[in-house]
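Everything below concerns the one structure shown next.
The values are calculated or read from the model by the stated rules, or taken from the named source; none is laboratory data. None of these values were measured; they are calculated from a predicted model. Cβ coordinates were reconstructed from backbone atoms using ideal geometry, including for glycine residues, and neighbour counts include every protein chain displayed. Each accessible area value is taken on the protein alone, full model and side chains, heavy atoms only, with ligands, DNA and RNA left out. Shrake-Rupley method; radii C 1.70, N 1.55, O 1.52, S 1.80 Å.
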Amino acid sequence: IPEKRLPHVPENYRFNGHIFYLTADSKEERSELISYLGKNEINAIFHYVPLHKAPYWKGAYDNLNLPVTDMVSSTLVRLPLYYGIKKEEIQYVADNIREFYKGVK
């Protein structure tokens with residue numbers, strides 16, 4: 001898995017562990033990855049909808065241009081993470097992601 005896809009934790013910081021994610025290169029790739037993982041019984045989902053695009057604010061911020069926010073929200077994949085996840089489960093998720101990307105590149 002290319003390092004650019006994984007969360008960046010600055011030196012001297014600790015990962016807070018409330019989610020674990022990776023980023024795809026496009027919204028289409030994200031959808032394909034989520035589908036691939038789902039077929040292998042891995043519950044991965046897309047995560048954040050930017051507030052300026054949330055249904056509650058529909059129409060209120062149509063002229064707002066936030067390209068980085070939009071790009072990240074359309075490519076982020078949230079991976080399974082919960083208290084008690086087993087090393088074997090983590091390995092299974094990682095192996096499936098690697099297999100997916102072997103077919104993409």
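For region 23-105, the solvent-accessible area works out to 73 Å² per residue, with a probe of 1.4 Å and every protein chain left in place. Rounded to whole Å, the principal axis extents of the Cα atoms in the chain read 46, 35, 24, largest first. For region 1-58, what class follows from the C-alpha gyration tensor (a ≥ b ≥ c being the square roots of its eigenvalues): rounded when a/c is under 1.5, otherwise prolate if a/b is larger than b/c, else oblate? Here region 1-58 falls in the oblate category. Taking 0.36 nm per residue of separation and subtracting the Cα-Cα distance, full extension of the segment from ASN40 to ARG5 would add 10.5 nm. Mean residue ellipticity at 222 nm, helices only, the chain: -12000 deg cm²/dmol; runs of at least 4 DSSP H residues each add -39,500 (n - 2.57), and the sum is divided by the number of residues.
Counting lysine pairs in the chain that sit 8 or more residues apart in sequence, or on different chains, and whose Cα atoms lie under 22 Å apart gives 12. In the chain, the portion of solvent-accessible area held by carbon and sulfur atoms comes to 55 percent [1.4 Å probe, whole percent, DNA, RNA and ligands not counted]. Near the amide H of TYR21, within less than 5 Å, lie the amide hydrogens of LEU79, all on another chain or at least 5 residues away, with H placed in the peptide plane.
With only Lys, Arg, Asp and Glu charged, each at its Cβ (+1 for the first two, -1 for the last two), find how big the charge dipole of the chain is about the Cα centre; round to the nearest 20 debye. Before the final figure, lay out the partial values.
On the way: 14 positive and 13 negative charges, 20 e Å.
Once rounded to the nearest 20, the dipole reads 100 debye.
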